[in-house]
1. Here are the criteria: (1) closer than 16 Å to S327 by Cα; (2) touching a Gly at 6+ places or on another chain (Cβ under 9 Å). Tell me which single one Y134 does not satisfy.
2. Among the residues of the stretch 256-276, are any within 16 Å of the ligand (Cβ to nearest atom) and surrounded by 24 or more Cβ atoms within 10 Å (Cβ to Cβ)?
3. Regarding P296, is this residue without any contact (Cβ under 8 Å) to a residue 12 or more places away in the chain and either open to solvent by 10 Å² or more (accessible area, probe 1.4 Å) or within 16 Å of the ligand (Cβ to nearest atom) (or both)?
4. Considering each of Y313, Y330 in turn, give the residue that is modelled with pLDDT of 95 or more, assigned to a strand (DSSP E or B) and under 18 Å from the mean Cα position of the chain (by Cα).
5. If you go through the stretch 153-165 one residue at a time, do you hit one that is under 24 Å from F229 (Cβ atoms) and surrounded by fewer than 17 Cβ atoms within 10 Å (Cβ to Cβ)?
6. Report whether or not D339 is within 12 Å of the ligand (Cβ to nearest atom) and either open to solvent by less than 40 Å² (accessible area, probe 1.4 Å) or aliphatic (A, V, I, L, M) (or both).
7. Could you look through the stretch 166-184, keep only residues that are touching a strand residue (DSSP E or B) at 6+ places or on another chain (Cβ under 7 Å) and open to solvent by 20 Å² or more (accessible area, probe 1.4 Å), and pick out the one that is nearest to the ligand (Cβ to nearest atom)?
8. Give me the pairs: first residue in the stretch 92-118 and under 19 Å from L198 (Cβ atoms), second residue open to solvent by less than 40 Å² (accessible area, probe 1.4 Å) and among the basic types (K, R), beta-carbon distance under 7 Å, and six or more apart or on different chains, which are they?
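The values are calculated or read from the model by the stated rules, or taken from the named source; none is laboratory data. This structure is a prediction, so every number in the text was calculated from the model and none was measured. When we count neighbours, we look across all protein chains shown, and the Cβ atoms used for this are built from the backbone with ideal geometry, even at glycine. For accessibility, only protein heavy atoms count, side chains too; no ligands or nucleic acids. Shrake-Rupley method; radii C 1.70, N 1.55, O 1.52, S 1.80 Å.
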Amino acid sequence: MTAVISACGSNIQGENDMSTNNVNEEVSVEAENASEDLSSFASGIQSDETEQSSDEENNTASEFEINGDIEERCPIKYDTRRSDVSYGEFSHSTYYSETCGMERGYSILLPADYSEDKAYPVLYLLHGIFGDEYSFSNDGNNKIKEIVGNMAADGIIEETIVVCPNMYAATDPAQKPAFDSESVLPYDNFINDLVNDLMPHIEETYSVLTGRDNTYLAGFSMGGRETIFITLQRPELFGYVCAISAAPGIVPAQDSFMTHAGQISESEMRFAEGAVEPNVFIICCGTRDSVVGTFPLQYHELLETNGADHIWYEINGADHDNTAIKSGLYNLFKQIAYDKSASPD
Ligand code: FER
């Protein structure tokens with residue numbers, strides 16, 4: 001396990017702003033506003049106004065150093081397209097899901113020079129509510145291609161395959177997501193589709209490295225919630241995990257959108273006794289998240305109380321947006337690099 005950062009650990013770069021403590025009240029009002037504009041959920045993303053100034057602040061020209069420090073913002077160096085780097089492209093494919101009883105789609109980002117002669121680690125990346133397998137691939141502002149491509153080109157991480165599934169694992173094709181208990185159930189069923197159908201399909205179809213050290217899981221919002229849930233249930237499968245701006249509902253909760261019965265109880269927010277834990281387990285959220293507010297902070301506090309190692313950090317000024325997504329992905333890859341450099345195989 002890499003460095004465990006509780007609350008505001010000392011190796012977090014960037015300032016923390018006091019407004020974090022007041023997020024609760026602000027959020028319920030803003031969340032109501034957000035619920036009026038559900039179109040913003042289709043991409044899973046809110047506006048990204050904080051981006052420019054914050055990127056400028058982070059335009060450190062310093063050389064990358066592999067260490068365990070969290071950097072709140074993805075440096076420009078990694079989220080910007082370079083002329084000398086070949087980036088992978090997303091393509092779309094399908095697999096048969098026994099769990100859902102139907103053919104289901106996914107998007108996949110293969111490295112530019114993908115070859116069957118090599119084998120690659122895989123990141124499963126889970127979208128937000130109302131999203132689908134196109135949510136990430138259709139949004140060029142999350143810079144996934146650039147972050148993965150640049151970090152691999154610089155030799156920080158191995159070339160990595162990114163798989164973006166459709167996380168709504170309904171058995172009835174007519175069922176659609178909504179903010180009520182029954183309509184969100186298919187998201188909780190995704191663990192079965194992922195483990196029993198999609199992962200075997202990916203492992204049979206592409207030249208991938210298998211095992212937890214080569215299998216990463218990350219998600220944003222509703223995808224962050226399922227990322228935490230899946231990780232707690234199946235920690236032996238995923239060695240490197242990042243839940244970005246995780247949505248409520250893992251434990252019983254109430255917000256302006258709905259009442260959540262909870263997937264597990266607060267005392268179950270832990271790894272089973274004797275279970276292998278992820279090498280890296282990051283939970284992060286913007287300090288100005290207008291949709292999930294302080295629920296990620298609550299997850300961090302419960303995990304800490306229950307003794308589950310993880311890294312918690314906040315992204316100063318970020319909303320429910322791509323600033324948070326870029327930060328989470330960058331830091332996940334940086335922690336992977338650090339962890340693997342500390343324990344090479
Ligand atoms: C909720 C608040 C936010 C919720 C889901 C979300 C199912 C998800 C937001 C997103 O994915 O962007 O109460 O309940």
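1. Here Y134 clears every test but (1).
2. Restricting attention to the stretch 256-276, the residues satisfying the condition of being within 16 Å of the ligand (Cβ to nearest atom) are 256-264.
Then drop every residue that is not surrounded by 24 or more Cβ atoms within 10 Å (Cβ to Cβ), which leaves none.
There is no residue in the stretch 256-276 that is within 16 Å of the ligand (Cβ to nearest atom) and surrounded by 24 or more Cβ atoms within 10 Å (Cβ to Cβ).
3. On the way: without any contact (Cβ under 8 Å) to a residue 12 or more places away in the chain: no; either open to solvent by 10 Å² or more (accessible area, probe 1.4 Å) or within 16 Å of the ligand (Cβ to nearest atom) (or both): yes.
Spelling it out, it is not the case that P296 is without any contact (Cβ under 8 Å) to a residue 12 or more places away in the chain and either open to solvent by 10 Å² or more (accessible area, probe 1.4 Å) or within 16 Å of the ligand (Cβ to nearest atom) (or both).
4. Numbers: Y330 fails: assigned to a strand (DSSP E or B).
Of the residues listed, the single one that is modelled with pLDDT of 95 or more, assigned to a strand (DSSP E or B) and under 18 Å from the mean Cα position of the chain (by Cα) is Y313.
5. Step one: filter the stretch 153-165 for residues under 24 Å from F229 (Cβ atoms), giving 160-165.
Add one more test, that the residue is surrounded by fewer than 17 Cβ atoms within 10 Å (Cβ to Cβ), and what stays is none.
Scanning the stretch 153-165 turns up no residue that is under 24 Å from F229 (Cβ atoms) and surrounded by fewer than 17 Cβ atoms within 10 Å (Cβ to Cβ).
6. no
7. Within the stretch 166-184, the match that is nearest to the ligand (Cβ to nearest atom) is N166.
8. Between residues of the stretch 92-118 that are under 19 Å from L198 (Cβ atoms) and residues that are open to solvent by less than 40 Å² (accessible area, probe 1.4 Å) and among the basic types (K, R), the close pairs are T94/R104; Y95/R104; S97/R104.
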